[in-house]
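Report on the structure given below.
What follows is calculated from the coordinates using simple rules that are stated; it is not laboratory data. Everything numeric in this text was worked out from a predicted model, so none of it was measured. No Cβ is skipped: glycine too gets one built from the backbone with ideal geometry, and neighbour counts run over all protein chains shown.
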Amino acid sequence: MSQFPDYYRILGIAKGATQDEIRQAYKKESLRTHPDRLSNATQEEKKAATEKFQAVADAYYVLSDKNRREEYDGLYGSRASTERSGDPGASSNFFSQFMGMFGGAANTSNANAGTAGTQRPNADGVFADVFEELLRPEVEKRVPWWTYFGAVCGAGIGYIVANIPGSMLGGYAGNRLGAIRDAKGKSVASVFNELGGSQKAEILRALAMKVLGSAL
């Protein structure tokens, strides 16, 4: 018999934890296990971190919703302590067997958070939803390439048309058009995922300082 995932153990909380405690535990564990924090890791280390990060997202998805938690607790109570496991692999098996009882891994508030059917919640989407308030300003600190490109092009055109004053005005207009091009139709999650590895690691360290008071 496959092992049953102990989502309380995975998040490091007691079975009677409140919703706020579950959310805070998720923040801590997701930052600790986020694979993009390991910029110099080997492929094996990245793979292990990704599996842990996904299991933490699974745990939050199940326990943060009252109905899903009640259904999970019913199964949890029917298993002996020796059957419960904090191993990430147990979560994968759980979703393949019991996802139907949740009606599919529905989106939390972001299209990246998961899809209906037997799929597990998208770990990156769950992360972005929970950290939306803190993640957005950190992402926006990284000035997009199109903003620079728009400013340069706008300044060039402005200079041709009206010399120096025109270049200043054109540069400002081009910068704003570039910023609009970068932001249009993109969620915080998608912009974050498009950043380079070093930028992601910097953002994760900043989030860790804000949430945990340390860079992990």
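Taking every residue in region 64-77 that is of a type in the set (A, V, I, L, M, F, W, C) and pairing it with any residue that is surrounded by 15 or more Cβ atoms within 10 Å (Cβ to Cβ) and assigned to a helix (DSSP H, G or I), at least 6 positions away or on another chain, the pairs with Cβ-Cβ distances below 9 Å are LEU75/PHE94; LEU75/PHE98.
Residue count for region 46-95, restricted to those that are surrounded by fewer than 16 Cβ atoms within 10 Å (Cβ to Cβ) and not in a helix (DSSP H, G or I): 3.
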